[in-house]
1. Rank Leu309, Gly163, Ser297 by how far each Cα sits towards the positive end of the charge dipole of the chain (+1 on Lys, Arg Cβ; -1 on Asp, Glu Cβ) and give me just the farthest.
2. If you put +1 on each Lys and Arg Cβ and -1 on each Asp and Glu Cβ, how big is the dipole of region 153-281 around its Cα centre, in Debye rounded to 20?
3. Shape of region 111-247 from its Cα gyration tensor (a ≥ b ≥ c, root eigenvalues): rounded if a/c is under 1.5, otherwise prolate when a/b > b/c, or oblate?
4. Using alpha-carbon positions, what is the distance between the centroids of region 197-265 and region 118-164, in Å?
5. Going through the cross-link list Lys223/Lys367; Lys15/Lys285; Lys21/Lys372; Lys67/Lys229, which pairs have a Cα-Cα distance over 32 Å in this structure?
6. Tally up the carbon and sulfur contribution to the accessible surface of the chain as a whole percent, 1.4 Å probe, everything protein left in place.
7. Of all DSSP beta bridges in the chain, what percent run antiparallel (nearest 5)?
8. Give the angle, between 0 and 90 degrees and rounded to the nearest 10, that separates the Cα long axis of helix 17-37 from the longest principal axis of the Cα atoms of the chain.
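The values are calculated or read from the model by the stated rules, or taken from the named source; none is laboratory data. If you're wondering where the values come from, they're calculated on a predicted model, not measured in any experiment. Every residue, glycine among them, receives a Cβ derived from its backbone with ideal geometry; neighbour counts consider all protein chains shown. Calculation scope for accessible area: heavy atoms of the full protein, side chains included, ligands and nucleic acids excluded. Shrake-Rupley method; radii C 1.70, N 1.55, O 1.52, S 1.80 Å.
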Amino acid sequence: MTDTAIVRYGEIGTKSNTVRKQMIQTLRQRIEERIEHEGLEYDKVSTRQGRIVAHTEQAEKTAEILKKVPGVKTVSPAEKTEPEIEPIKKASENFDYGETFGVDPNTGNTELSTPEIAEEIGSHVQEFTGAEVDLDEPDTWLGVDVREDEAYVFTEIFEGPGGFPTATEGTYAALISGGIDSPVAAYQMMTRGADILPIYFYNKPIAAEDHLMRFKASVRKLKKFHPSKKWKALIIDMEKVIEELMEVERGRMVLHREIMFRVVEKIAEERDLEGLVTGESLGQKSSQTSSNLEMTSSSISKPVMRPLLTRDNNSISEEARRIGTFEEAEINSACRSISPDNPATILDRERLENLREAVNVEELVEKAFDSKEEITL
């Protein structure tokens with residue numbers, strides 16, 4: 001009988017009145033876009049006192065997709081009814097209950113009090129189900145959310161990512177490889193309100209075309225969190241860079257990362273972007289030791305955002321599965337690693353400077369920057 005998906009937000013409520021109103025309207029728009037993107041039927045998406053409500057007969061499916069939308073703290077498939085005890089009682093009869101239950105009321109600014117709702121609805125549910133009341137760990141929580149002009153009754157609460165709606169906190173250049181980590185990092189930034197420009201470094205001839213396909217497939221999965229945007233991406237041809245770097249043994253990966261960062265900084269300056277986003281995780285690779293991260297970051301002035309810095313492989317893979325980018329990262333690729341057999345986990349500045357001069361980093365950065373190609377996804 002659910003006919004509504006009721007969305008709650010968290011951090012948005014801490015903003016000033018003006019910013020909060022803007023973010024709520026943006027989140028409402030993102031929710032509507034996401035529903036339309038999935039082809040689900042709905043009547044409208046409206047704002048209520050502290051809530052955003054999607055009116056739809058496909059409330060379960062709608063709640064399932066909305067729980068991944070940046071800015072959504074929680075979402076519930078619910079039955080909408082009048083904000084009075086008797087209609088709420090009737091609505092409570094349309095849900096399944098376990099052997100124990102509890103009533104969790106939220107009244108907002110209404111005449112009904114939470115003790116009144118808990119007592120009246122609890123007695124009614126107990127009467128028609130025979131279930132026992134348990135306010136510690138019940139089999140079923142019955143939520144009753146009473147707003148000024150309507151009430152919502154539900155038994156499920158899906159956790160969302162929280163944060164802010166996408167494209168409310170500036171635009172960042174996101175380095176996305178098509179692997180598992182970088183799309184998750186980009187998504188994490190989107191949950192903080194960032195918009196992203198995906199950038200792919202095409203490491204020819206080491207990387208085959210199917211690796212580029214992984215990148216495109218991953219970004220298409222990220223599109224669903226901001227589907228109204230005309231998504232573009234930049235492809236950087238790294239063939240000339242790779243030819244030079246393959247002559248370097250220890251320190252190759254740090255040079256590779258530095259060149260990437262410097263190219264992206266030039267793009268960020270050209271397009272007035274806020275900074276860079278990477279999928280780096282501390283210690284996960286030789287180029288991601290603390291000293292090597294410091295060296296690659298110190299080569300540029302734009303801020304480098306590393307939302308996965310302290311995350312482990314399992315948690316990153318789990319989130320990739322949740323947002324739908326894991327399968328794309330698992331597409332078979334003929335790519336061979338450019339990492340040497342004995343990579344440098346610690347590279348001193350003198351050695352790095354000598355390597356920079358040996359390969360003429362400035363020239364390689366310019367060649368890679370000039371190779372960029374913009375595509376529409």
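1. Comparing the listed Cα positions along the dipole, Ser297 ranks first.
2. Computed about the Cα centre, the dipole is about 460 debye.
3. In terms of gyration-tensor shape, prolate.
4. If we compute the Cα centre of each part, the gap is 48 Å.
5. On the way: Lys223/Lys367 30 Å; Lys15/Lys285 38 Å; Lys21/Lys372 39 Å; Lys67/Lys229 20 Å.
Those over the limit are Lys15/Lys285; Lys21/Lys372.
6. C and S atoms contribute 42 percent here.
7. Of all bridge pairs located within the chain, approximately 55 percent are antiparallel.
8. 90
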